[in-house]
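As structure tokens, the structure follows; a few thoughts come after it.
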């Protein structure tokens, strides 16, 4: 028997997005789990399984144009479209569980997306969980590529450009997982000019996150981070005028916790947070370390 249900979620323009639903009968809480720019829901089965086993229903969509979604590979029309997709996933999870609010978990670039979705419609959010969020990247496209992307928006918005994260060692130091990433046929290696522009415009929305209705927010960081700027991320969260803000950092981890030695500690903390974000033990904005 399959651990999860494979479903397709019809997005606003009719796009049939693949998703995995990890059901829990009469679940008291639920989490929407959104992957990063290159990854897909298959990277995060361990997290979903652990949440499900703890009584938390989980929905893991593959973003349009990524993972098992073959149409318009690597493309999005706009930031508004991507945010509308995230809200549609949220509505789908609410329909499946009967819950009014769900926890939004965003990994890497997905952290930016769930933050923007909350800013757009905060009434649906139980809490925000940003896992090594791609709000302040230290790995980015070159200035030359940025110019090409900008020019392509005029005449060829679906022109593909390399995603500058194609070295698996940016995500993990574990040889087993490096090999997995090197052989993963579903990983996204290119995105379109349209997607890059949509992502850039989403940055402006996330920059105003503090103007949104506050919810508990937890940011989980890797000490051996290769992709995002941890310090700028900490400062951003510190400056949010929200009452429940937490930062946890794992000493032994690189960008993707699923592929590192702190995986089970990370999942433990995630479950504890979802089960009671306002009662979470670590003090706000603490440099907690699970080692």
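Read the figures in this text as sums done on the coordinates, not as results from a lab. Since the model is a prediction, treat every value here as computed from it, not as a measurement. Cβ coordinates were reconstructed from backbone atoms using ideal geometry, including for glycine residues, and neighbour counts include every protein chain displayed.
Neighbour counts of other C-beta atoms within 10 Å: give me 52, 232, 20, 73 arranged from fewest to most. Each step should come with its number before you reach the end.
Values: 52 19, 232 13, 20 24, 73 16.
Arranged by neighbour count, lowest to highest, 52, 232, 20, 73 become 232, 73, 52, 20.
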So what are the radius of gyration and Dmax for the Cα set of segment 62-134, in Å?
12.2, 32
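Using the 2.2 N^0.38 Å rule of thumb for compact globular proteins, work out how segment 116-254 stacks up: its C-alpha Rg over that value, please. List each step's numbers first, then the result.
Numbers: Rg = 16.9 Å, N = 139, 2.2 N^0.38 = 14.3 Å.
Relative to the 2.2 N^0.38 Å estimate, segment 116-254 comes out at 1.18.
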Cα-based Rg then Dmax for segment 1-132, in Å, read 13.3, 39
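Antiparallel DSSP bridges in the chain: what percent, to the nearest 5?
Numbers: 14 of 40 bridges.
Given both bridge residues lie in the chain, the antiparallel proportion sits at roughly 35 percent.
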Radius of gyration and Dmax for the chain's Cα atoms, expressed in Å?
17.6, 53
To make sure I understand, if each residue's beta carbon is the centre and we count other beta carbons within 10 Å, what order do 177, 109 fall in, fewest to most?
177, 109
Taking the Cα-to-Cβ direction at residue 167 and at residue 252 and moving 7 Å from each Cα, how far apart do the two end points lie in nm?
2.4 nm
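Want the number for residue 275 to residue 101: 0.36 nm per residue separation, take away the alpha-carbon distance, what's left?
Numbers: separation 174, 0.36 × 174 = 62.64 nm, distance 1.33 nm.
Value of the extension gain: 61.3 nm.
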What's the center-to-center distance, using Cα atoms, between segment 16-90 and segment 158-192 in Å?
19 Å
Mind checking Rg over Rh on segment 146-213, alpha carbons, Kirkwood formula for Rh?
1.12
Scattering profile of segment 1-67 at q = 0.11, 0.18 Å⁻¹ [log10 I(q)/I(0), Debye over alpha-carbon scatterers]:
-0.25, -0.64
